[in-house]
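The values are calculated or read from the model by the stated rules, or taken from the named source; none is laboratory data. Predicted model only: the values in this text are computed from it and were never measured. Ideal geometry is used to build each Cβ from the backbone, glycine not excepted, and the neighbour counts take in all protein chains shown. Please note that ligands, DNA and RNA were not included when accessible areas were found on the heavy atoms of the full protein model with its side chains. Shrake-Rupley method; radii C 1.70, N 1.55, O 1.52, S 1.80 Å.
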Amino acid sequence: MGASNSKQEPVYVYGNEVPIGFTAQLQDKLVKDAASQKQTDSSPHTAAASSTQSVSLRDPTDAVEKEVAKELERILEKQQHDELRSKDRQTSTAELLAEIRDLSQQISAGPTTKSQTFGQAVSARDRVAACLRKSEGRPLDCWKEVSEFKRLVAALEREFVAAAH
């Protein structure tokens, strides 16, 4: 009989066809925050503003509605900002695709023959692998083959950089 009077139901605000629920705890917190803010604003020039604010904030639904309005405004501004950024991304994506196309054409038009150093590096790699298989457990015996392979790889890197410029 009396149990329904002591139980507080959450307040629902319907906007844009999506219900938003607020619990009694949130309402109490907003009212307490508003009251504490009223106490901190005790300067003479804000006395008239705080008296009108205290009248309007006596009803917890007014405080909730103000907070919801602020939050909705913030969300709408964020959505507008995100839409503008997505438009910028679309134009930059088109530019990137065009640049990728150009680079792929340059690569395909470039020299398709491999240099003599490349063939030497491949054979040096094979010699290193064969040496490591032959002297299993003693990889330090292959230092000559490894140093030759390193020298050829460095030469290939220099050729690549020179061809890029």
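Let's see how each residue does on (1) of a type outside the set (S, T, N, Q); (2) open to solvent by 70 Å² or more (accessible area, probe 1.4 Å); (3) in a helix (DSSP H, G or I); (4) at pLDDT below 80:
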residue	(1), (2), (3), (4)
47	yes, no, yes, yes
51	no, no, yes, yes
54	no, no, yes, yes
58	yes, yes, no, yes
72	yes, yes, yes, no
80	no, yes, yes, no
86	no, no, yes, yes
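Close contacts from segment 136-165, counting a first residue that is within 11 Å of residue 124 (Cβ to Cβ) and a second that is surrounded by 12 or more Cβ atoms within 10 Å (Cβ to Cβ) and of a type in the set (D, E, K, R), with Cβ to Cβ under 7 Å and a gap of 6+ residues or different chains, come to 145/127; 149/125.
Please pick out the residue among 153, 122 that is modelled with pLDDT of 90 or more and touching a helix residue (DSSP H, G or I) at 6+ places or on another chain (Cβ under 7 Å).
On the way: 122 fails: touching a helix residue (DSSP H, G or I) at 6+ places or on another chain (Cβ under 7 Å).
Answer to the selection: 153.
The set of residues in segment 123-165 being within 30 Å of residue 106 (Cβ to Cβ), open to solvent by 100 Å² or more (accessible area, probe 1.4 Å) and either part of a loop (DSSP other than H, G, I, E, B) or of a type in the set (Val, Ile, Thr) (or both) consists of 165 alone.
Just wondering, is there one or more residues in segment 100-115 that are free of Cβ contacts under 8 Å to residues at least 40 places away in the same chain, β-branched (Val, Ile, Thr) and surrounded by 13 or more Cβ atoms within 10 Å (Cβ to Cβ)? Within segment 100-115, not a single residue is free of Cβ contacts under 8 Å to residues at least 40 places away in the same chain, β-branched (Val, Ile, Thr) and surrounded by 13 or more Cβ atoms within 10 Å (Cβ to Cβ).
Could you go through segment 8-28 and let me know if any residue there is at positive phi, at pLDDT below 65 and either acidic (Asp, Glu) or open to solvent by 100 Å² or more (accessible area, probe 1.4 Å) (or both). Looking through segment 8-28, at least one residue is at positive phi, at pLDDT below 65 and either acidic (Asp, Glu) or open to solvent by 100 Å² or more (accessible area, probe 1.4 Å) (or both).
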